[in-house]
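I have placed the structure first, in the form of structure tokens, so that the comments after it can refer back to it.
The values are calculated or read from the model by the stated rules, or taken from the named source; none is laboratory data. Fair warning: this is a prediction, and the values are worked out from it, not measured in the lab. Cβ placement follows ideal geometry from the backbone for every residue including glycine, while neighbour counts extend to all protein chains displayed.
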Amino acid sequence: MTEDHSRQIECLERLVSGEDCWELFHEIFGGFMSSVCYRLGVPEPDLDDVYQELIIKLMREDFTVIRNHLRGYSQNSFRTLLAKIIVSVARDKVTGRGKRKPIFSLEERSEAGWTPVSRDASPEELQFRERGFLHLLNLIGANVGDERNLRILVLRYAHGLSVNEVARVVGLSPNAIAQRIRYMKKKVLSAYIPESVRELL
């Protein structure tokens, strides 16, 4: 067992025992986490938020995730866990997940179809959500199929519409939308970690 390997295990064991040694955690894993954020294109002002969310996720349920990884600890498997969490946090930030409201008003139409009406976001923020969501899909190399499937994902996760609302916008039944979303989730999860991030593992 190398010195670095022993140091990592010691740090994680101290964390689960209740000791506040997050500075040591950042000293050991900070370079790797910064590399993942850089590959994902996370803006520098958002790095602290990403680290904070990562720490919160690691602390959940009395450090269950860390405890599980301490059994037969592997640096690569723990780095993979950190990368997955960072990708998840970055995805939530660009999609506004957890604080979004429906962006489209289904009561208004235009000649071209349903008219997007911003409720909780400016047009600039709405465009940022769309660009960020599409950029993230591109980063993780997720092939979701045709343009309609892509539009369904954008409406559902970037704009925050319900399945029924997406169905009305796209012109399919709610069941068909739900089935497509399940299919696309599998596609996205199968490509969850970008190749550029895998290179760091």
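Values for this structure:
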{"item": "Number of positions in the stretch 1-20 that are of a type in the set (Val, Ile, Thr) and touching a residue at least 60 places away in the same chain (Cβ under 8 Å)", "result": "1"}
{"item": "Residues within the stretch 93-119 that are in a loop (DSSP other than H, G, I, E, B) and modelled with pLDDT of 50 or more, tallied", "result": "2"}
{"item": "The stretch 32-45, subset under 14 Å from the mean Cα position of the chain (by Cα) and without any contact (Cβ under 8 Å) to a residue 60 or more places away in the chain, residue nearest to ALA83 (Cα to Cα)", "result": "CYS37"}
{"item": "Residue match in the stretch 72-80 (condition: in a loop (DSSP other than H, G, I, E, B) and under 30 Å from HIS159 (Cα atoms))", "result": "no"}
{"item": "Residues satisfying the stated conditions in the stretch 48-77, i.e. in contact (Cβ under 8 Å) with a residue 60 or more places away in the chain and exposed (fewer than 11 other Cβ atoms within 10 Å of the Cβ)", "result": "ASN76"}
{"item": "Leading residue by the ranking (farthest from ARG131 (Cα to Cα)) among those in the stretch 144-189 that are in contact (Cβ under 8 Å) with a residue 40 or more places away in the chain and small (Gly, Ala, Ser)", "result": "SER162"}
{"item": "Lone qualifier among ALA158, ALA176, ALA167, ALA90 - being at pLDDT 75 or above, assigned by TED's automatic domain parsing to the domain that holds SER77 and of a type in the set (A, V, I, L, M, F, W, C)", "result": "ALA90"}
